[in-house]
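Below is one structure, written out as structure tokens, with a few remarks after it.
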Amino acid sequence: MRLNTAQVARTVSQLQVEALPDDHPLVPQLNRMFGDHTYFLDGNGLNIVEPSPAALNVPSSDIGEMGVVVNIANWTGSDPPKLEVHEPERTDSMVSLAADGG
């Protein structure tokens with residue numbers, strides 16, 4: 001999912017991630033591969049945030065405005081490190097996307 005500016009700021013403040021800017025040269029290629037998302041880099045690799053009801057298969061009223069972090073690429077052990085793309089894997093990390101914190 002593509003996050004708005006406020007949601008990106010909330011995600012960055014809750015997790016140790018860096019948002020890839022929309023004008024980054026890799027974003028068009030990533031969008032072709034994974035769809036229109038906001039992409040985040042962290043120590044594990046490249047991630048996206050999906051609405052938790054979709055990722056967890058539960059009604060949205062049971063969760064509110066929460067998102068689950070989905071890893072789509074891991075850093076390799078090579079020097080310099082590179083990202084290795086894989087099938088999306090849901091992580092245990094959740095982020096509150098609501099303005100009031102949840």
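The values are calculated or read from the model by the stated rules, or taken from the named source; none is laboratory data. The model shown is predicted, which means the values in this text are computed figures rather than measured ones. Neighbour counts are summed over all protein chains in view; Cβ atoms, including those assigned to glycine, are modelled from backbone coordinates with ideal geometry. Ligands, DNA and RNA are stripped out before the accessible areas are found, and what is left, the full protein with its side chains, is counted by its heavy atoms. Shrake-Rupley method; radii C 1.70, N 1.55, O 1.52, S 1.80 Å.
Some notes on this structure:
- Projected label distance in nm at V27 and H86, using a 7 Å step from Cα toward the beta-carbon: 2.7 nm
- The chain - percent of accessible surface contributed by carbon and sulfur, probe 1.4 Å: 51 percent
- In nm, spacing of pseudo-spin labels at D36 and S13 (7 Å Cα→C-beta vector): 2.6 nm
- (1) 56; (2) 29; (3) 32, with the label sought being that of the calculated percent of Cα pairs over 21 Å apart: (3)
- Amide N of the stretch 83-99 lying under 12 Å from the label point, which is placed 7 angstrom from the Cα of L20 along Cα→Cβ: 83-86
- Counting 0.36 nm for each residue step from N44 to T76 and taking away their Cα separation leaves a gain of 10.6 nm.
- Average accessible surface for the chain: 60 Å² per residue, computed with a 1.4 Å probe over protein heavy atoms with every protein chain in place.
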